[in-house]
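The values are calculated or read from the model by the stated rules, or taken from the named source; none is laboratory data. Just so it is clear, the structure is predicted and the values come from calculations on it, not from any experiment. Cβ atoms come from the backbone with ideal geometry, glycine included; neighbour counts cover every protein chain shown.
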Protein chains: 2
Amino acid sequence: MAKDPERREAWTREATDYALEQGLIGLSLRPLAAAIGTSDRMLLYHFGTKDDLVAAVLHDSNDRAVAAVSALDPSTDLRAAVHDLWSVVRSAEFEPCTRLYVEAAALGLLGREPYAGVVREANERWLRSFVTHLTRSGVARPLAGRAATIIDAAFMGFQLDAPPDVGTTARKRAVADLSDAVAALGR
Amino acid sequence: MAKDPERREAWTREATDYALEQGLIGLSLRPLAAAIGTSDRMLLYHFGTKDDLVAAVLHDSNDRAVAAVSALDPSTDLRAAVHDLWSVVRSAEFEPCTRLYVEAAALGLLGREPYAGVVREANERWLRSFVTHLTRSGVARPLAGRAATIIDAAFMGFQLDAPPDVGTTARKRAVADLSDAVAALGR
DNA sequence: ATCCAACTGTAGCACCTGCTACAGTCGCCG
DNA sequence: CGGCGACTGTAGCAGGTGCTACAGTTGGAT
C-alpha cells in the first residue's frame with residue numbers, strides 16, 4: 001500500500017496544509033489533488049483509499065498540535081498553564097489544527113469510521129500532552145489528569161461556539177474564569 | 001415561500017427527528033423525503049431551499065433543547081445545577097440535540113452559511129437558558145453568566161471527545177470536577 | 001361552468017463523488 | 001536485448017447531489 005514512503009509523506013503534509021485551510025468536511029480528492037499538483041488517481045494509488053488519506057492527514061495535524069504543546073516552556077503554576085495552553089490553541093498557526101480536530105470529531109459523532117477511531121486516538125494523545133505540560137508545570141499527578149480533562153473540554157467548547165471571536169475580551173475573561181475555576185480543584 | 005404553514009411545521013418536526021438520528025452532515029433530501037413520506041420535490045417546494053430546511057431543523061432542535069432546560073426545577077445551588085444541566089444534556093432524549101448542534105457548529109466553523117448564523121443564534125438562546133436556570137437556582141447575576149459560559153463550553157467538549165462514553169465513571173468524575181471548579185468561581 | 005392559483009408527480013439536468021479499467025511509460029535486473 | 005514490476009495519464013463508470021422544467025390535477029371563488 002505504501003508504494004513510495006517519502007512521496008506519501010510529502011503529500012500527507014501538503015494535504016494537511018490544504019485541509020487546515022479548506023476544512024475537512026467537504027474535502028474531496030480532485031480539488032485537493034489539483035491544489036498539491038497531482039491527480040486523484042495518484043492519491044488513491046499511493047494512499048489506497050480516501051479514508052486512509054484522511055486518517056493520515058488527521059494524524060499529521062494532531063502531531064503538529066501535540067508538538068506545539070510539548071514545545072511549551074513549563075508554566076509557573078496551574079493558572080498560568082491554562083493561559084499558556086490557550087495561547088497555543090488559539091494561535092494562528094495551531095488554531096486550524098484544533099478546528100480540524102473538531103470537524104473530525106463531528107464526523108465521528110455517529111461512530112463513522114475512520115473518523116471515530118482516529119479521533120479517539122488523537123484525543124488521547126492531545127490529553128496526554130496537556131497532562132505532561134501540567135506536571136512539568138508543577139501540578140501534582142492525579143490533579144493534572146482531572147484538570148486536563150476540564151481544560152480540554154472547555155477549549156473545545158470555546159472553539160465550537162464562536163470561532164470568529166478568538167481574541168475578544170469576552171473570550172479572554174472566559175479563559176481567565178476557566179483558569180480560576182480549575183485552580184480551585186487543587187484545594 | 002411558506003405555502004402551507006402547518007404542513008411545513010409538521011415536516012419540520014419529522015425532518016428534525018430524522019436528522020437527530022441520522023446526523024446532519026451527510027443529510028440529503030431524497031432519503032429524508034422518503035423517510036417522512038414525501039419527495040425532494042415537495043420539500044423544496046415548501047421550504048424553498050435545502051439550506052432553509054436545515055435552518056428550520058436546527059431551530060426546531062434548539063427549541064426542544066432549550067425547552068428541556070427551561071422545564072427544569074430550580075437546583076439547590078450552583079454545584080447541583082451543573083449536575084442537573086448535565087442530566088438534560090446527556091439524556092437519551094436530548095443528547096441528539098446537542099449532537100446536532102455540534103454537527104452544525106462544525107459545518108459553520110469556516111463561516112459557511114446558513115450554519116454559522118443559525119449556530120450563533122442557537123448558542124445565544126442555549127446560553128441564555130443556562131443563565132436563567134442558574135439564576136433561578138439562586139446564583140447571583142454576573143456570576144451566572146460567567147459560569148454558564150464555562151459549563152456550556154465544557155459540556156460541548158465532553159460531547160465532542162467521547163460520545164459513546166456517556167455515563168461512564170470517568171465522565172461522571174469530570175462533571176463532578178467541573179461542578180467543583182465552577183462553584184469556586186463564586187468565591 | 002370557468003378560471004385561476006395552489007399544489008404535486010415525472011423526468012431530467014448539470015455537476016460532483018470515490019474509484020477503476022486500460023493502456024501505456026519508465027527504469028532496473030537478468 | 002528481453003522482460004518485469006513500479007508507476008501514471010486518460011477516460012469513464014455507477015451512483016449521488018440540489019434543483020428545475022413541464023405537465024398536469026385539484027379546489028374554491030366567480
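Residue selection: B:Ser61 fails the criterion of being within 30 Å of A:Gly186 (Cα to Cα), part of a helix (DSSP H, G or I) and polar (S, T, N, Q). With respect to B:Glu103, is the statement that it is more than 8 Å from every other protein chain (Cβ to nearest Cβ) and either of a type in the set (A, V, I, L, M, F, W, C) or touching a residue at least 24 places away in the same chain (Cβ under 8 Å) (or both) true? In short, no. Quick check on A:Arg112: is it within 20 Å of A:Leu178 (Cα to Cα) and at pLDDT below 95? So A:Arg112 does not fit the description; no. Has segment A:75-82 got at least one residue that is under 15 Å from the mean Cα position of the chain (by Cα), more than 15 Å from DNA strand D (Cβ to nearest atom) and more than 14 Å from every other protein chain (Cβ to nearest Cβ)? No; the residues of segment A:75-82 include none that is under 15 Å from the mean Cα position of the chain (by Cα), more than 15 Å from DNA strand D (Cβ to nearest atom) and more than 14 Å from every other protein chain (Cβ to nearest Cβ).
Inspection of segment B:27-37 finds a residue satisfying the criterion of being in a helix (DSSP H, G or I), surrounded by fewer than 13 Cβ atoms within 10 Å (Cβ to Cβ) and near DNA strand C (Cβ under 10 Å from one of its atoms). Each residue in segment B:58-93 was checked for being farther than 19 Å from B:Ile150 by Cα and surrounded by 22 or more Cβ atoms within 10 Å (Cβ to Cβ), and 3 of them qualify.
Taken together, the criteria exclude A:Leu72 from residues that are closer than 22 Å to B:Ile25 by Cβ, more than 15 Å from DNA strand D (Cβ to nearest atom) and assigned to a loop (DSSP other than H, G, I, E, B). What do you reckon, is A:Leu58 of a type outside the set (Lys, Arg), under 19 Å from the mean Cα position of the chain (by Cα) and within 16 Å of DNA strand C (Cβ to nearest atom)? In short, yes. I'd like to know if segment A:120-131 contains one or more residues that are among the charged types (D, E, K, R), within 16 Å of DNA strand C (Cβ to nearest atom) and within 14 Å of chain B (Cβ to nearest Cβ). For segment A:120-131, residues among the charged types (D, E, K, R), within 16 Å of DNA strand C (Cβ to nearest atom) and within 14 Å of chain B (Cβ to nearest Cβ): absent.
Against the test of being modelled with pLDDT of 95 or more and touching a Pro at 6+ places or on another chain (Cβ under 8 Å), the options B:Asp84, B:Asp51, B:Asp73 yield a single qualifying residue, B:Asp51. Of the residues B:Glu21, B:Glu14, the single one that is modelled with pLDDT of 95 or more, crowded, with 16+ Cβ neighbours inside 10 Å and more than 12 Å from DNA strand D (Cβ to nearest atom) is B:Glu14. If you go through segment A:38-57 and pick out every residue that is closer than 18 Å to A:Gly117 by Cβ and either touching a residue at least 12 places away in the same chain (Cβ under 8 Å) or surrounded by 16 or more Cβ atoms within 10 Å (Cβ to Cβ) (or both), you end up with 10. If we scan segment A:119-130, do we find a residue that is among the small types (Gly, Ala, Ser) and more than 12 Å from the chain's Cα centre (by Cα)? No, segment A:119-130 has no match at all. Looking only at segment A:7-17, decide whether some residue is under 29 Å from B:Arg112 (Cα atoms), within 14 Å of chain B (Cβ to nearest Cβ), more than 12 Å from DNA strand C (Cβ to nearest atom) and part of a helix (DSSP H, G or I). Scanning segment A:7-17, I find no residue that is under 29 Å from B:Arg112 (Cα atoms), within 14 Å of chain B (Cβ to nearest Cβ), more than 12 Å from DNA strand C (Cβ to nearest atom) and part of a helix (DSSP H, G or I), so the answer is no. The set of residues in segment B:131-143 being within 21 Å of the chain's Cα centre (by Cα) and surrounded by 22 or more Cβ atoms within 10 Å (Cβ to Cβ) consists of B:His133, B:Leu134.
Restricting to segment A:26-55, give me the number of residues that are within 14 Å of DNA strand D (Cβ to nearest atom) and within 14 Å of chain B (Cβ to nearest Cβ). Counting residues in segment A:26-55 that are within 14 Å of DNA strand D (Cβ to nearest atom) and within 14 Å of chain B (Cβ to nearest Cβ) gives 2.
Conditions tested, residue by residue: (1) farther than 22 Å from B:Ala170 by Cα; (2) out of contact with any Lys or Arg (no Cβ under 8 Å at 6 or more places or on another chain).
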| residue | (1), (2) |
| --- | --- |
| A:Leu107 | yes, yes |
| A:Glu121 | no, yes |
| A:Trp126 | no, yes |
| A:Phe130 | no, yes |
| A:Arg136 | yes, yes |
| A:Val139 | no, yes |
| A:Ile150 | no, yes |
| A:Ser179 | no, no |
| A:Ala183 | no, no |
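Within segment A:132-184, if we keep just the residues that are of a type in the set (Lys, Arg) and at the interface with another protein chain (Cβ under 10 Å from one of its Cβ atoms), the residue that is nearest to A:Val119 (Cα to Cα) turns out to be A:Arg146.
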